[in-house]
Amino acid sequence: SMPTLKAIDKLGFERPSEIQKETIPILLKGDRDLIGLAQTGTGKTAAFGLPLIESIDDQAQNIEGLILSPTRELARQITDQLEKFSKFHPHVRILSVYGGANIGAQIKDIKRGQSIVVATPGRLMDLIRRKAIKLEYVRRVILDEADEMLKMGFKEDVEFILSHTPQEKRVWLFSATMPKMVMSISKKYMEDPIEVRINPKQSTNANIEHYKVVVKNAHKTEALKRFIDSEQDLRGVVFCRTRRDTKDLSEHLFAHNYKAEALHGELSQSQRDRVMRRFRNGEVQILIATDVAARGIDVDNLTHIFHYSLPDDDDFYTHRAGRTARAGKEGVSIAFVNNRQLRRIDELKKKLKIQFHTLKIPSAADVVDQRIQEWCARVITKGESSKVSKKLLKEVIHLFSDMSKDELIRRILDVQLEDMGLNKTEDLNDKPDSRQRNSKQKFQRKNNSKRGKYGRKKPSKSRKNRAGRRK
């Protein structure tokens, strides 16, 4: 319709993404259930949001569209986007409901009348039990990030919610993967769905450069700092394996004056919101997160993804990397691995069909040069005005009076490098070949020691064999 086209034009959309091109024509007809398999960041919200807005009756007084989302952040992002799409549809009213916010205020908003509700399963189930929301007029149910939702333990909640919606509704299910739990939901609640599958490799990795950095575990933190130091405009997410790792790493970086914060399961919703707000407005440069805590993060303009620890699940690697290179931009995915994990990189390379280039950790000299240049520029642009008292300035000039200008600058630079933590000069890149060769030689020596003169195994001297010989 014209209002929708006007909104799309105002948002600057020029050509549809793969998932939008495949699904929008099907969903506009509105007579089929649909399973859309596509990664995060491929334009799924517009793929289901535009047809959903088009389906809302001008005279509707009840909830006709229901969207289930795994996290509060994602629910809010979907709502924001739908509001932009429906800018010129005055009759379309959109509300998001989620845990952690005042349920009384949400109930009042529902009573005012809504066309589309975007909800997290837990809070919606609570509203249904309180009889505060009516779903008997719902014509479209969208399950977004269905695999994440079920992995997070919402299967029973989703089934409870679906059982409270009309039999004749259409279900549109979007998921990055299709595990058994998602299959069981689709079989139970969907009728002959059309399946649209977007090649994940094509959609998530087109603009992402994948790198491996070979580094000993003990040097990973220092290596990360050097990458941050060498890229002034870096804005990224660092993925760790455990909650403890995220806390330890973020505390270390914060103590060394890096703009980093952790996202982990122990944070309350308000703390999590504060971290995300600071990250979005640039006060935080680096987010350190576990895979679970990062669900629902959808931030534009991420330049780097760091895999401080590689995930066990191949799909998790794709999800992580796919958080950068959004909306046609380019991104970088860097995996920190030790020598033993190079085999895991080969597995990912084959399964995901991506090329990993070897990336060297910036040298201390490169980092020092850049950081000190920035520091010098700050000193030069400081200007005439100063908060230093004349008395203090006179005392300090007197203390330094025996030093030449060159010697004074050298010492100030030394102190500045110590304060910046840039006085370490070692090469942090591990040597992949030497260690593998050494371990191979050790293995051969160990085996040879068990063999006799002509390579035959020496007889064992175990107690059992000795006892056998005595008989």
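Read-outs: derived from the displayed coordinates by stated rules, not from any lab. These figures come from a predicted structure and were not determined experimentally. Neighbour counts run over all protein chains shown; Cβ positions are idealised from the backbone, glycine included.
DSSP loop GluC sites (Glu not before Pro) in region 254-337 with at most 13 other Cβ atoms within 10 Å of their Cβ, which ones?
266, 283, 330
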Put +1 on the Cβ of each Lys and Arg and -1 on the Cβ of each Asp and Glu in the chain; which of 331, 121, 255 then has its Cα farthest toward the positive end of the dipole? 255
The chain - share of DSSP beta bridges that are antiparallel (%, nearest 5): 5
Give me the angle, in degrees from 0 to 90, between the Cα long axis of helix 269-280 and the longest principal axis of the Cα atoms of the chain, rounded to the nearest 10. 70
Enter the angle in degrees (range 0 to 90, nearest 10) between the Cα long axis of helix 243-255 and the first principal axis of the Cα atoms of the chain, meaning the one along which they spread out most. 60
When the convex hull of the Cα atoms of region 1-133 is projected onto a plane and the area is averaged over all directions, what value comes out in nm²? 8.4
What fraction of the Cα pairs in region 1-62, stated in percent, has a spacing above 16 angstrom? 48
Correct choice for Rg/Rh (Cα atoms, Kirkwood Rh) that was computed from the model, options [x] 1.01; [y] 1.11; [z] 1.04: [y]
Given the pairs 29/180; 225/329; 155/188; 6/108; 87/329; 216/431, which span a C-alpha to C-alpha distance of over 20 angstrom in this model? 29/180; 225/329; 6/108; 87/329
May I ask you to list the chymotrypsin sites (Phe, Trp or Tyr not before Pro) in region 313-408 that are in a DSSP loop and have at most 15 other Cβ atoms within 10 Å of their Cβ? 400
In degrees rounded to 10, the 0-90 angle between helix 364-380 Cα long axis and the longest Cα principal axis of the chain is 70
